[in-house]
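> I am attaching a structure below and will ask some questions about it afterwards.
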Amino acid sequence: MQRFRIIFSGSGGQGIITASIIFAETAVLYEKLNAVQTQTYGAQARGGATRSEVIISDSAIYFPKVIQPNILVCLTQESYNKYYTLIRPNGLLITDSNYVEIQKRVDARHKQLPMYKYVMENIGNPSVANVCMLGALQTLTNIVNMESLIKVLETRTPANFFEMNKKALDLGVQLAQKVKD
């Protein structure tokens, strides 16, 4: 298995940290892989820059920081501007087209998805856009199985929000299938 080095980035309040924890837990609990997750908050918890790193591998992980990701998720312009230069050549760059305008080309497979817009049109609650992003990430990478991701999502979200989160996950899958290579 390839070692996956992922940076999730965006703004405080978008659920970046929660999404990265869910993804890492899925790898460990149901895929029998090794994973580490770290996080960095900006000056403010809500609205400041947020970055979370996840490394997933079938072998031991000795260093928990991501220096050069092979997958970069940017949900805001600020996070894109700050991190787009880090991505490995031919890596996967996922951005939300509602918030990120690509300014410079990078040597990466770029998937620009209207995640926020799609969630608002179909669910009407922006708090699940991070789960939509997880559906897209899973579909584009297949690092973890969808069934495993759903199991962790079910344990990590309040019961009365599970169906909404499941719908957001499905929306992310639909968006990613439209642009999948």
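The values are calculated or read from the model by the stated rules, or taken from the named source; none is laboratory data. Remember, predicted model here, so these are calculated numbers, not experimental data. No Cβ is skipped: glycine too gets one built from the backbone with ideal geometry, and neighbour counts run over all protein chains shown.
> Would you mind finding the one in L113, L149, L169, L140 that is under 14 Å from the mean Cα position of the chain (by Cα), touching a residue at least 60 places away in the same chain (Cβ under 8 Å) and within 20 Å of G10 (Cα to Cα)?
Among L113, L149, L169, L140, only L113 is under 14 Å from the mean Cα position of the chain (by Cα), touching a residue at least 60 places away in the same chain (Cβ under 8 Å) and within 20 Å of G10 (Cα to Cα).
> Conditions first: (1) without any contact (Cβ under 8 Å) to a residue 40 or more places away in the chain; (2) more than 11 Å from R5 (Cα to Cα). I87 passes all but one, so which condition is the exception?
(2)
> Any residue at all in region 37-52 that is touching a residue at least 24 places away in the same chain (Cβ under 8 Å), assigned to a loop (DSSP other than H, G, I, E, B) and under 20 Å from F23 (Cβ atoms)?
No: region 37-52 contains no residue that is touching a residue at least 24 places away in the same chain (Cβ under 8 Å), assigned to a loop (DSSP other than H, G, I, E, B) and under 20 Å from F23 (Cβ atoms).
> Still on this structure, please answer the following. β-branched (V, I, T), farther than 16 Å from V173 by Cβ and surrounded by 15 or more Cβ atoms within 10 Å (Cβ to Cβ): which single residue out of V106, V144, V128 fits that description?
Residue meeting the stated conditions: V106.
> For region 84-98, how many residues meet the condition of being within 15 Å of M133 (Cβ to Cβ) and touching a strand residue (DSSP E or B) at 6+ places or on another chain (Cβ under 8 Å)?
The total comes to 6.
> Are there any helices (runs of 4 or more DSSP H) wholly within region 124-180 with 1 or more residues that are among the charged types (D, E, K, R) and modelled with pLDDT of 95 or more, and if so which?
Result: 146-156, 159-179.
> Consider only pairs whose beta carbons are under 6 Å apart and that are at least six residues apart or on different chains; among these, list those whose first residue lies in region 1-27 and is hydroxyl-bearing (S, T, Y) and whose second residue is surrounded by fewer than 24 Cβ atoms within 10 Å (Cβ to Cβ) and in a helix (DSSP H, G or I).
What qualifies is S9/Y83; T26/S148; T26/V152.
> While we're looking at this one, here's another question. Do we have any residue at all in region 62-73 that's assigned to a loop (DSSP other than H, G, I, E, B), of a type in the set (S, T, N, Q), surrounded by 16 or more Cβ atoms within 10 Å (Cβ to Cβ) and modelled with pLDDT of 95 or more?
Looking for residues that are assigned to a loop (DSSP other than H, G, I, E, B), of a type in the set (S, T, N, Q), surrounded by 16 or more Cβ atoms within 10 Å (Cβ to Cβ) and modelled with pLDDT of 95 or more, one finds at least one in region 62-73, hence yes.
> Okay, moving on. Can you pull out every residue in region 78-106 that is among the acidic types (D, E) and farther than 20 Å from I16 by Cα?
Scanning region 78-106 gives no hits.
> Scan region 38-59 for residues that are farther than 14 Å from I71 by Cα and at pLDDT 95 or above and jot them down.
If the condition is that a residue be farther than 14 Å from I71 by Cα and at pLDDT 95 or above, then T38, D58, S59 are the ones that fit.
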